[in-house]
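See structure below.
Taken together, the values in this text are just the output of simple stated rules run on the coordinates, not laboratory data. Note that the structure is a prediction, hence the values are computed from the model and not measured. Cβ sites come from the backbone with ideal geometry, for glycine too, and all protein chains shown count toward neighbours.
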Amino acid sequence: MWNIISNGLPLDHEIEVLRKTVLENLLFLVGIFMLPIFCAIAFSKNYYTICIIDTALFLFLVLLFIYLRKTNNHQSAAIIGMVVMGCLCVFFVVYAGIYNTTFYMWIFLYPLLALFLLGTVSGSVFSLLILSIVCILLILKRYLPFLTPGIIVDEIRFGAVYITIYLIAFAMEKVRQAIQDRLNISNLKLETTVAEKEDLIRKLQKTIDEVTVLRGILPICSQCKKIRDDKGYWHQVESYVRSHSEADFTHSICPECIGKLYPDMKNSIES
């Protein structure tokens, strides 16, 4: 079941993609399961228009479910779904449905889904656009005879309830985004710290390896004092130590060598 609703995405996949994919698939599957039942009820009560709408919506959800399954493009699937649902909300303003309840059952769900699937910006645009269109139609229903009477609602109370649901959904989504952003920042800092520690460990290991080389047995010429490396090349002591450590050299002369090389200067230097 999880493989179906997640499109096979693993649990460690990007959380936003996983969340929206699972939510969209759940909505599609609920609709695919319930719409045949709604269609049968509408047909039994001679609501043929609703029956046709339910059948078309069922086929649409099947295609959208397959599209999401094949492409994993959750953003396009969400936009298409909210556009179609918005059209249905507008339709149900004119044609209220069975017992004049269809409008009330679905219109207040719209801002929740729009904000959860599209985010605070796009979700707000879709939600407020549908609210504006619906309010205009509700007002026109009183004056234009070609609009089916359908439902009669108080536009002010309807708008107040819709805005309340929208604001609650907006606040929930905004807080969720803030928490997600903080988690992302914390993860980034943690990854940076881990990378710095790994880099420090590599440097320490390199230093240890270099020190280990200098502690080993080094072949040295008994005459010129050159050192042979592991590739068979001979190097001056100074150049070999420089390349295998952070040490450097400054040249001087010891008392014994002064006595051998400069006997006349030995006494004055020692004094």
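Taking the Cα centre of the stretch 2-180 as the origin, how large is its charge dipole in debye, to the nearest 20, when only Lys and Arg (+1) and Asp and Glu (-1) carry charge on their Cβ atoms?
On the way: 10 positive and 8 negative charges, 41 e Å.
Around 200 debye, computed over the stretch 2-180.
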Put in order of increasing Cβ neighbours within 10 Å, starting from the fewest, 12, 54, 229 give 12, 229, 54
Roughly how many nanometres apart are two label points built 7 Å out from the Cα toward the Cβ at residue 252 and residue 183?
-> 6.3 nm
Extending each Cα 7 Å along its Cβ direction at residue 192 and residue 174, get the distance between those two points in nm, one decimal.
-> 2.8 nm
Label points 7 Å out from Cα along the Cβ direction at residue 167 and residue 1: separation in nm?
-> 3.7 nm
What lysines could a cross-link reach from residue 174, if we take a straight Cα to Cα line under 26 Å and drop same-chain neighbours fewer than 8 places away?
-> 20, 189
